[in-house]
Amino acid sequence: MNIFKKFKDGLKKTTSNFSKGIKEIIINKEIGDKELEKIEEFLIQSDVGLKASSEIREVISNRKIDPSKNELLEIQNIIKNYLNSLMKPLEKKRFFEKIKERKAILIAGVNGVGKTTTIAKMSKLYQSNHNEIIFAACDTFRAAAIDQLESWSKKINCKIIKSDPGSDPASVAYKAMEFAQNNKIDITLIDTAGRLQNKKNLMDEFKKIGNVIKKIDEKAPQEVILVLDATSGQNAINQVEEFNKIMPITGLVMTKLDGTAKGGILIAVSKKFKLPIIALGFGEKESDLQIFDSDNFSNNFINFE
């Protein structure tokens, strides 16, 4: 299955919901203030966010759509163009290429977003470009997290550094970084705990990991990637805000886009934070993580076929 088919299938629920809703508002009607208001309300209900929804309404209004033309096609193109202008600068397509210098990547995200599975999927993409990976199982608060990461390491033939549940997460990260340096391993992927309900502990542990790995590499971490769950809706905004307070986020991965009809939250997050979008997740297989492409996303987000 090629990347375009996976995008289309993954966004099927969102595409169907969004396109049907817009159709019901504008079909066989002249686009006036009432229709513009309904479009804006529908965009907000689709988790596109207040700011982006308002801007899309304004762009449609300024276009003065001719009711004698194909209004659906014109609306579709307006929204696609808006999404591309917003999200094209956020692409980071070279993220998984063969690296030139060793790097450490902190992976953050609340429990339940698919963080550990995403780490495995990211590793497969890195491995496809001849990068060698090591996992650091630093979510030591949950034995299940350690076991799951170890299971993935065996499945995709990747090294792992772990310790007993309850161990100091920073010490695990340090050992993994040390091992990577001594064995010339390209990338250290560091899994971290995601307990937003206890912000101080999370902040302390997260900062400690960042500080400790600098003893091995003063430039580390080179990337801090936040994993978001599309089904969490507007709560994703809060997650970005909270994690960004702990350590500046350098990129986003959004998972479970195939599990929601309201995938507009990626647009809301893009508008508010303008953070690079690394990849999108559409399933559980290690091949179900797709490098973010703005054209592909916008073409599939709104499609009246």
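Of all residue pairs spaced 6 or more apart or on separate chains, those with beta-carbon atoms under 8 Å, a first member in the range 207-218 that is farther than 15 Å from Ala136 by Cα and a second member that is surrounded by 13 or more Cβ atoms within 10 Å (Cβ to Cβ) and among the hydroxyl-bearing types (Ser, Thr, Tyr) are Lys215/Tyr174. Among the residues of the range 67-112, those identified as β-branched (Val, Ile, Thr) and over 16 Å from the mean Cα position of the chain (by Cα) are Ile75, Ile78, Ile79, Ile99. Of the residues making up the range 133-147, those that are modelled with pLDDT of 95 or more, under 23 Å from the mean Cα position of the chain (by Cα) and not β-branched (Val, Ile, Thr) number 4. Across the range 180-209, the number of residues qualifying as in a loop (DSSP other than H, G, I, E, B) and of a type in the set (Gly, Ala, Ser) comes to 2. Say whether the condition of being surrounded by fewer than 17 Cβ atoms within 10 Å (Cβ to Cβ) and part of a loop (DSSP other than H, G, I, E, B) is met by at least one residue in the range 261-276. Taking every residue of the range 261-276 in turn, at least one turns out to be surrounded by fewer than 17 Cβ atoms within 10 Å (Cβ to Cβ) and part of a loop (DSSP other than H, G, I, E, B). Every test in (1) farther than 20 Å from Val240 by Cβ; (2) of a type outside the set (S, T, N, Q); (3) assigned to a loop (DSSP other than H, G, I, E, B); (4) at pLDDT 90 or above is passed by Val110 save one, and that test is (1). Across the range 105-130, the qualifying residues are those that are more than 27 Å from Ile237 (Cβ to Cβ) and not charged (D, E, K, R), and the one among them that is surrounded by the fewest Cβ atoms within 10 Å (Cβ to Cβ) is His130. Screening Gly109, Gly114 for residues that are within 24 Å of Phe206 (Cα to Cα) and touching a Phe, Trp or Tyr at 6+ places or on another chain (Cβ under 9 Å) leaves exactly one candidate, Gly109.
Criterion first (under 21 Å from Ser270 (Cβ atoms), out of contact with any strand residue (DSSP E or B) (no Cβ under 6 Å at 6 or more places or on another chain), in a helix (DSSP H, G or I) and modelled with pLDDT of 85 or more) does Ile75 satisfy it? Answer is no for this residue. The set of residues in the range 50-62 that are over 15 Å from Ile22 (Cα atoms) and in contact with a Ser or Thr (Cβ under 9 Å, 6 or more places away or on another chain) contains only Ala52. Tell me yes or no: at least one residue of the range 212-222 is modelled with pLDDT of 95 or more, under 18 Å from the mean Cα position of the chain (by Cα) and not in a strand (DSSP E or B). Within the range 212-222 (the criterion being modelled with pLDDT of 95 or more, under 18 Å from the mean Cα position of the chain (by Cα) and not in a strand (DSSP E or B)), the answer is yes, since at least one residue qualifies. If the condition is being surrounded by fewer than 20 Cβ atoms within 10 Å (Cβ to Cβ) and aliphatic (A, V, I, L, M), then the range 131-151 contributes Ala143, Ala144.
Checking Ser163, Ser167 one by one, the residue that is in contact with a strand residue (DSSP E or B) (Cβ under 9 Å, 6 or more places away or on another chain) and surrounded by fewer than 20 Cβ atoms within 10 Å (Cβ to Cβ) is Ser163 and no other.
Applying the condition of being within 24 Å of Arg94 (Cβ to Cβ) and of a type in the set (A, V, I, L, M) to the range 202-227 and asking which residue is surrounded by the most Cβ atoms within 10 Å (Cβ to Cβ) yields Leu226. Does Lys154 satisfy the criteria of being assigned to a helix (DSSP H, G or I), surrounded by fewer than 22 Cβ atoms within 10 Å (Cβ to Cβ) and among the basic types (Lys, Arg)? Spelling it out, Lys154 is indeed assigned to a helix (DSSP H, G or I), surrounded by fewer than 22 Cβ atoms within 10 Å (Cβ to Cβ) and among the basic types (Lys, Arg).
The values are calculated or read from the model by the stated rules, or taken from the named source; none is laboratory data. Quick caveat: nothing in here was measured; it's all calculated off a predicted structure. Glycine gets a Cβ as well: all are built from the backbone with ideal geometry, and neighbour counts include every protein chain shown.
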